[in-house]
Amino acid sequence: MPNLQATISNQLTATAAQTTLSIQELVSTMKSQGMADQAIRQTLLNDLNSSGQLFGSFKNKLKNTVKNGVELNSKDSVNSKYKKAGVKNLQWLSIGDGKVCVDCEKRQGETGTLEFFKTIGVPASGFSVCQGNCRCLLLPEDYKGENLDKPLIKDKRSAFARKQNYIEKNILKQSKNKHEIGVLYDSKGKELLRRKGTATRVKFFRTDFEGIDMTDTILTHNHPSSTSFSVTDFKFASKLKIKEMRAIAPDHNLGAVVFKIRPKKSGEWPNINRFYKLRTLEKELFSSKAMKKWLKTSPDAVKFNAKFKDVMARRGVLKDSYVAKSITVDEYIKKIKKSRSEGRAVAREASKEHDIKIGTVHFNKQKEIADLLGIDLTWEKL
C-alpha cells in the first residue's frame, strides 16, 4: 500500500507540474503578443470554467489517476490474497476491448511467480503501451475457468451496436471527414439510404423517404467541423419524425464521439417553431462576431493571429513590388490569388479550431435547451 500511495502521489505531482509549465508558457506567449494582465487572467478563467485545453486536460488526468489508483489497489489486494492462499505461480491473461496492446499481447499465457512479474512489470504498472489503462490480469496458473489460450477480447455491445459502429466508422473512412455522408438505417441495422454531401451539409429529397416507416429509422452523419447538432439537424429530425439522429464528431474536445438526439417520449418531436433558442445559441457561439472575439482573447488563437499577420505582411511586400514595377501585372495577379488562398486556408483552420475548443460549452448549453423541448441529447464514444 505505501508503494501505491507513493505512485499516485508522484503521478499527481507530475500532472500539476506539467499543467503549471503549460500555464507559464501560455502566459509568456500572450504577454509577448501584447495582451494586458486582465485579459490574460480572464482567458485563463474562461479555460477553467469551460474545461478548455489547459484545465480540461488537467481534470482528465486527475480523473484517470484516481481511476487507475483504485484499479491498482484492487489488483494489489487480489495478489495479496493469492500469496496468503499459497498460490506460487501465476499466469498472464491479456484483456482488451476490440484489441490488446502489442506489449500485453506478448505476455499472454506467460507464467511465473508474483515476484517475477513485479520485476518485468505487472498489469497497469506503466511498462506497456496502454500504461495505466491496462486491464490485464494475473490469475493462478491452474485456473481453467475460461479459454485462456489467446487474449480475452471483451465486447459487450449488441449485434445492432456493432453494426451501427461499423456504419459510422465506414462513413469516416469514405469521407476522411472532409465532407458529410448521411446514412439512414432501420432499428435492425439494415442500411436503407446513403447520400454524399459537402463540407457543411448533406442533402436529402422528399422522394428518398417514400415507402419508409420513418419512426423506425435512425439517421447518422458526420460533421467535418466535429461540432454537435446544428439547428437544421434538429428541424430535419423533427420533420421526419425519426427514431433518432446521430452526428459523428471525431475531433471534439470530448474525444471521438457520436452525438445523439431523440424525443423523450417516443415519436413526440416538438414543433420546429420552438427551436428559436437553439438558433440564438448558434449565432451567439458561431457568428463572425463570436469568431472575431475568440481570435482577440483566446490563447488558442495566438498561432492563427501570427499566421494571419505573416500572410498580410507578405501580401504587403507583394503590393510594394507591384507598385515599384518589379513584377508584371500577370505575376501580381497570380501571386495575389495565391495569397488570398493562403488567407482563406488559415481562416478555415482557425474556424475549425474555434469550433472544437468551444465544443463542450456548446453541447452543455444545447442540452439545457433540448431538455426543455422534450429532446434527449446525449453522446457516446465512437
>> Among the residues in region 53-74, are any closer than 30 Å to residue 110 by Cα, modelled with pLDDT under 75 and more than 28 Å from the chain's Cα centre (by Cα)?
In response: yes
> β-branched (Val, Ile, Thr) and either in contact (Cβ under 8 Å) with a residue 12 or more places away in the chain or buried (at least 17 other Cβ atoms within 10 Å of the Cβ) (or both): does that describe residue 358?
Replying inline: yes
>> residue 59 - would you say it is surrounded by fewer than 17 Cβ atoms within 10 Å (Cβ to Cβ), closer than 17 Å to residue 306 by Cα and either of a type outside the set (S, T, N, Q) or in contact with a Cys (Cβ under 6 Å, 6 or more places away or on another chain) (or both)?
In response: no
>> Condition (residue is closer than 24 Å to residue 364 by Cα, assigned by TED's automatic domain parsing to the domain that holds residue 171, out of contact with any Cys (no Cβ under 7 Å at 6 or more places or on another chain) and surrounded by fewer than 17 Cβ atoms within 10 Å (Cβ to Cβ)) applied to region 198-211: is it met by at least one residue?
In response: yes
> So which of 103, 142, 155 ends up being at pLDDT 80 or above and either under 29 Å from the mean Cα position of the chain (by Cα) or outside the structural domain of residue 21 (by TED's automatic domain parsing) (or both)?
Replying inline: 103
>> Of everything in region 7-24, what is farther than 12 Å from residue 55 by Cα and exposed (fewer than 12 other Cβ atoms within 10 Å of the Cβ)? Give them in sequence order.
In response: 10, 13, 17, 21, 24
> How many residues does region 279-297 hold that are at pLDDT 90 or above and more than 22 Å from the chain's Cα centre (by Cα)?
Replying inline: 4
> Restricting attention to region 249-266, and to residues there that are assigned to a strand (DSSP E or B) and of a type in the set (Lys, Arg), which single residue is nearest to residue 181 (Cα to Cα)?
Replying inline: 260
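The values are calculated or read from the model by the stated rules, or taken from the named source; none is laboratory data. The structure presented is a predicted model; accordingly, all values stated were derived computationally and were not measured. Neighbour counts are summed over all protein chains in view; Cβ atoms, including those assigned to glycine, are modelled from backbone coordinates with ideal geometry.
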